[in-house]
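Peer 1: Got a structure for you, questions after.
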Amino acid sequence: MAHFDLPPEQLQTYRADAPAPADFDAFWAQTLAEARRFDLNATFTPVQTPFVTVDVFDVTFAGWAGQPVKGWLTLPRARTGRLPCVTEFVGYGGGRGLPGDHLGYASMGYAHLLMDTRGQGSGWRQGDTPDDAPGAGPQVPGFMTRGIQSRETYYYRRVFTDAVRAVEAARAHPEVDGARVAVAGGSQGGGMALAAAGLCGVQLCLPDVPFLCHFGRAARLVDSFPYAEITAYLKTHRGRAEDVFGVLAYFDGVHFAARAQAAALFSVGLMDEVCPPSTVYAAFNAYAGPREMRVYEFNRHEGGENVQALERAAFLARHWQP
């Protein structure tokens, strides 16, 4: 796909025009307060692997409504003292995978907690966390319209709460330096990183080609999935657009970005038909903390791939010395 969105000079200043709901902060404060009524109960069970330079732990912690969420914690085996930690979230449809699937950050000397995504993990990498969600109504196959009938039942209320609790679980480990925690992820994982950065204090945020930003524009600009799940739902549920986008406003990465203070490294593909460039820039330009953008002019949703991985490594090294 050729460039289809705004010209680069307009992208650099593009902002979403819809403000956050007036009770956005109160809604999320109440949501997290409800989650924190349950003991975090973070456990880290050693896992046997063939890897000789890292130690891997099977993680379980209490997420939304106290429901157990899985993950992997990977630590460099040669370590002294408490380590900075990257808490990472997974792209749409994927799960935590297998122990040892995620060695990059630990190989750089950091602690790395990868969170499983509830209900996903069968699209391209296996997962182990169910989504126990009473009260969810009809939906288009996928996750974008699960529980869309209200902000209380919407799927990403549970997922974003899990993400905040994952940061808390990382900080609960005795070998993690709680003052040096980053959130990271690509696509859906990037949107989750923005949500976590906006909802809890972290030092660094690394969202690559972030999904879940500027829903109203994305759903009207592209017909690619997963945003097409929203348009498919509205095609059937005629007359519900105002209600649906009203719910989605509580989960928009643009509004979380406006509340995030962590230093951030974004990336964008200017031919990305999954997460259109203007939606990424809407979050970037709303971001309240110091921010940098890496632009991949001729790339789609894959973005910078390994080139961006090196950019993330350099960004972390500038802020942390493992």
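The values are calculated or read from the model by the stated rules, or taken from the named source; none is laboratory data. Model, not experiment: these values are computed from the prediction. Ideal geometry is used to build each Cβ from the backbone, glycine not excepted, and the neighbour counts take in all protein chains shown. Accessible surface areas use protein heavy atoms only, side chains included; no ligands, DNA or RNA. Shrake-Rupley method; radii C 1.70, N 1.55, O 1.52, S 1.80 Å.
Peer 1: Could you give the angle, 0 to 90 degrees to the nearest 10, between helix 24-35's Cα long axis and the longest principal axis of the Cα atoms of the chain?
Peer 2: For 24-35 against the chain, the angle is about 40 degrees.
Peer 1: Same structure again: 5 Å is the cut-off here: which amide hydrogens, built 1.01 Å from N in the peptide plane, fall below it relative to Arg125, excluding neighbours closer than 5 in sequence?
Peer 2: Residues meeting the criterion, in which the H sits 1.01 Å from N, are Gly95.
Peer 1: Oh, and also: Please give the helix 277-286 orientation as an angle from the longest Cα principal axis of the chain, in degrees from 0 to 90, rounded to the nearest 10.
Peer 2: 70 degrees
Peer 1: Could I ask something else about it? Tell me, what % of the accessible area of segment 87-160 is carbon and sulfur with a 1.4 angstrom probe?
Peer 2: 53 percent
Peer 1: Hey, what number do you get for the chain at 222 nm if only DSSP H runs of n ≥ 4 count, each worth -39500 (n - 2.57), divided across all residues, to the nearest 500?
Peer 2: -9500 deg cm²/dmol
Peer 1: Relative to the longest principal axis of the C-alpha atoms of the chain, give the angle of the C-alpha long axis of helix 155-172, reported between 0 and 90° and rounded to the nearest 10°.
Peer 2: It works out to around 20 degrees.
Peer 1: Here's something else I'd like to know. Got a number for the accessible area of Arg82? Probe 1.4 Å, square angstrom, nearest 10.
Peer 2: About 140 Å², ignoring ligands and nucleic acids.
Peer 1: Round to the nearest 10 and report in Å² the accessible area of Trp64, as given by a 1.4 Å probe over the protein chains' heavy atoms.
Peer 2: In the full protein context, Trp64 sits at about 40 Å².
Peer 1: Still on this structure: Mind ordering 89-96, 232-239, 55-62, 243-250 by average Cβ neighbours within 10 Å, highest first?
Peer 2: 89-96, 55-62, 243-250, 232-239
Peer 1: Turning to a different aspect of this structure: Over segment 230-322, what percent of the accessible surface lies on carbon and sulfur atoms, probe 1.4 Å?
Peer 2: Taking all protein chains in place, segment 230-322 shows 51 percent carbon and sulfur surface.
Peer 1: Which value, in Å², gives the accessible area per residue of the chain when a 1.4 Å probe is used on the protein heavy atoms?
Peer 2: I get 39 Å² per residue for this part.
Peer 1: Over segment 1-127, what is the relative contact order in percent, taking alpha-carbon pairs closer than 8 angstrom and at least six residues apart?
Peer 2: 20 percent
Peer 1: Residues in segment 240-282 near a label at Glu297, defined as backbone nitrogen under 20 Å from the 7 Å Cα→Cβ point?
Peer 2: 266-273, 276-281
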